[in-house]
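*Asks:* The structure's right below; bear with me while I get my questions together.
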Amino acid sequence: MMSKTDPVRALTGSMRDFRELQGTDLMARVGPFYEWQESRRQSSLWPYSKSTQQAPLAQCTALDDSGVRFSGLNFGMSAPIQI
């Protein structure tokens, strides 16, 4: 089982490592992925856990899946930032 506090271990591997699950026991098949995903979540490295709280503007506020609010630049936005 991976350490949930070691960001180096959390950065090891990728989702590609879990694309072909082997075996018939569903929990045994997804267990390693869940451990890896949880390690990334605990290290604040899971990129798919964020949701915006408003329209996706050049600067926006979002929440992660544990409810922590953060604000920052939205680099996916094509409109220039008004200064």
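Read-outs: derived from the displayed coordinates by stated rules, not from any lab. On a predicted model such as this, the values are computed, not experimentally measured, just so you know. Cβ sites come from the backbone with ideal geometry, for glycine too, and all protein chains shown count toward neighbours.
*Asks:* Helix 26-42 sits at what angle to the longest principal axis of the chain, using alpha carbons and giving 0 to 90 degrees rounded to 10?
*Replies:* For 26-42 against the chain, the angle is about 40 degrees.
*Asks:* Are there any GluC sites (Glu not before Pro) in the stretch 1-72 that are in a DSSP loop and have at most 15 other Cβ atoms within 10 Å? List them by number.
*Replies:* GLU20
*Asks:* Let me ask something else. Relative contact order for the chain using alpha-carbon pairs under 8 Å, separation at least 6, rounded to a whole percent?
*Replies:* 23
*Asks:* I've got another one for you. How far apart, in nanometres, would the label points at ARG69 and GLN54 be if each is projected 7 angstrom from Cα along the Cα-to-Cβ direction?
*Replies:* Going by the 7 Å Cα→Cβ label model, 1.1 nm.
*Asks:* Which loop chymotrypsin sites (Phe, Trp or Tyr not before Pro) in the stretch 21-68, with loop taken from DSSP, have no more than 15 other Cβ atoms within 10 angstrom of their Cβ?
*Replies:* TYR48
*Asks:* Right, next: Normalised by the empirical 2.2 N^0.38 Å for globular proteins, what value does the Cα Rg of the chain take?
*Replies:* 1.41
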